[in-house]
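As structure tokens, the structure follows; a few thoughts come after it.
Bear in mind these aren't lab numbers, they're just calculated from the coordinates by the rules spelled out. In this text, all values refer to a predicted model and were calculated from it rather than measured experimentally. All Cβ positions, even for glycine, are placed from backbone atoms using ideal geometry, and neighbour counts span all protein chains on display.
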Amino acid sequence: MFLRVLCVITSALTVLTTLSMTSCGADNAISSEASESAVTSTADSGKTAKDILSAIEGDHMDASTFYGEDSFTKNTEKLYGIEADKLCDGGILYSSDGNYADEISMLKMADGSSAKSQLADRLSYRLNQYENYKPEETKKIQAAKIFQAGDYWVLVISDNADEISDEITDMIN
């Protein structure tokens, strides 16, 4: 199952295969703070996910892929369970070496619908990935933020999730 995710991210993550990460399949609950946090805004700055994510400086996030790029388009269904044609924008920042769970995913649905459940599923998957591989990373996964900013749904996994969430919200509003 991990190899599917490996194909999803980009060729920058091929180094992960050497790390022998495993997914344990245990049914762990994500904290209510992570799965229930929401910031709703109807304002839209006109900025793309690429504009916003390119301005974010997060520890350990050294790789990215964005809507319109082959790597993003080919893998949205594997990462989020969403077909690429259901999105009108999006992007992901992540750690290319797999030692860190840090990730920011932004999704803008073409029909304006919510992507909260898809991001919550992604968050659960990340927790399962890291709980046996690098348990020290699970704390940041459990404290992750899922929220709406403008027309975007956002997942932030970072030691600085609150600050990054605020920064994204400020850029969109």
Top positive-direction residue, dipole computed over segment 72-173 with Cβ charges, set TRP153, SER165, TYR80:
TYR80
For a Förster distance of 41 Å, can you work out the FRET efficiency between the beta-carbons of GLU69 and GLU136, rounded to the nearest 0.05?
0.85
Between beta-carbons, use under 11 Å as the cut-off and find the net charge around LYS86, counting Lys and Arg +1, Asp and Glu -1.
-3
Residue separation between ASP151 and CYS88 times 0.36 nm, minus their alpha-carbon distance, gives in nm 21.7 nm
Low-density loop cleavage sites - GluC sites (Glu not before Pro) in segment 48-104, where at most 14 other Cβ are within 10 Å (DSSP)
GLU57, GLU69, GLU83
Counting only other residues whose beta carbon sits under 12 Å from that of ALA55, what net charge do I get with K and R as +1, D and E as -1?
-2
